[in-house]
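Reading through the structure tokens given below for one structure.
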Amino acid sequence: MLPRMAQVLGEGTGARRADVWLKVGSELRPAATWPTGDGAPAGALAIRGEDLPQISGVDQALPVRHHGELLGALAVAMPPSEPITPTQAKLLADLASQAGLVLRNAKLIEELRASRMRLVAAQDQERRRLERNLHDGAQQQLVALAVKVKLAQVVAGRDPQKTEAILTEVQSDAQDALENLRDLARGIYPPLLADQGLFAALQSQARKAAMPVTVDADSLGRYPQEAEAAVYFCCLEALQNVAKYADASSVRVKLGIEDGELTFEVSDDGRGFDSATTPLGSGLQNMADRLAALGGTVEVQSQPGAGTTVRGRIPVPA
Ligand SMILES: Nc1ncnc2c1ncn2[C@@H]1O[C@H](COP(=O)(O)OP(=O)(O)OP(=O)(O)O)[C@@H](O)[C@H]1O
Ligand SMILES: [Mg+2]
């Protein structure tokens, strides 16, 4: 769709080159160029607010908007001796004003693709973390255990006292390895969450937090495992952020069910932040991706000095 748009723009205006730009996140990225492969713009441009950034190397650039929201831009570079005529300029303006819907769809598709890629990358990273954890933890412990058992075998016949000492060690090492594996399993899917659901699992986490955390839940039942896990890990990330940045005196976690959606809210009375100038970290991005993958949404409300509230919702079967 976008290459076709670049072509219509280029042929209609007699341009030497026509570019379609797409806004992705807070950047303007070259999305299509006509003729293809002919000196496409090199890189992305940073966008501030809803204004079109300066695009260099072109004669005319117009923003493409949909309901006022900046979605991209159309730009043409004219042949050196043929400046753009009023008719051509009007065609460019018409195309720019009609391109909103097309760019909006392209943007949605691009965002979906990017969020899928982030989810896959996050899963890979999580797998590597587990592999390292198993390798450095339980695996090493079991190797050491096997060595000790062998040693006990060797000395068993002739030195009962030493054998006894080694076996005592073996017992406590086995206990350590077990604890280690339990911790790991808890991190993957907390048993309390599986057994007793969100309220109990979050309450238990709340008790371990450094600041006072209250957990409220109205008539909460049990929901599909992936929905409960998403809400659980989102609340944990929000609580972790509070502990890391907020300097709050208390935090409140609220869980509920509203219009067939499982909802959560984590609000603190800490220092807050300015979302316009604070870059999104992977914590909040993962939250958004994780919920979006299940048809849910998240919003963060914060203001310097006025605390932070993270609200999310996810559809669940009645
Ligand atoms: N409750 C909060 N109070 C104050 N600032 C916050 C709060 N939550 C988030 N922030 C701000 O928002 C930023 C982005 O948070 P996010 O969780 O996305 O990333 P991060 O915590 O910095 O990194 P990561 O989560 O990947 O370890 C934080 O760096 C912090 O500046
Ligand atoms: Mg974080």
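What follows draws every value from the coordinates through simple rules; no lab data is involved. What you are looking at is a predicted structure, and each value in this text was computed from that prediction instead of being measured. Glycine gets a Cβ as well: all are built from the backbone with ideal geometry, and neighbour counts include every protein chain shown.
Observations on the structure shown:
- Our helix-only sum for the chain, with -39,500 (n - 2.57) per DSSP H run of n ≥ 4 divided by its residues, gives a mean residue ellipticity at 222 nm of -16000 deg cm²/dmol.
- Applied to the stretch 163-177, the Karplus parametrisation 6.51 cos²θ - 1.76 cosθ + 1.60 on θ = phi - 60° returns per-residue 3J(HN,Hα) values of 4, 4, 4, 4, 5, 5, 4, 4, 4, 6, 5, 5, 4, 4, 4 Hz, with x for Gly and Pro.
- Here the 3J(HN,Hα) profile of the stretch 203-219, calculated from phi with Karplus coefficients 6.51, -1.76 and 1.60 at θ = phi - 60°, is 4, 5, 5, 4, 5, 8, 6, 6, 10, x, 10, 9, 10, 10, 8, 9, 6 Hz, Gly and Pro shown as x.
- Where trypsin sites (Lys or Arg not before Pro) in DSSP loops with at most 16 other Cβ within 10 Å are excluded, longest remaining stretch of the chain: 49-157
- Cut-off under 5 Å, modelled amide H: who pairs with VAL24 long-range: ARG29
- For the stretch 2-98, dividing the convex hull volume of the Cα atoms by the residue count gives 89 Å³ per residue.
- Pairs of lysines in the chain (C-alpha under 28 Å apart; 8 or more residues apart or interchain): 8
- The distance separating the Cα centre of the stretch 116-139 from that of the stretch 1-72 comes to 39 Å.
- Restricting the stretch 1-52 to GluC sites (Glu not before Pro) that sit in a DSSP loop and have at most 15 other Cβ atoms within 10 Å of their own Cβ leaves GLU50.
- 3J(HN,Hα) couplings calculated from phi for the stretch 246-262 with the Karplus curve 6.51 cos²θ - 1.76 cosθ + 1.60 (θ = phi - 60°) are, in sequence order, 7, 6, 8, 8, 7, 9, 10, 10, 10, 10, x, 10, 9, 6, x, 10, 7 Hz; Gly and Pro show x.
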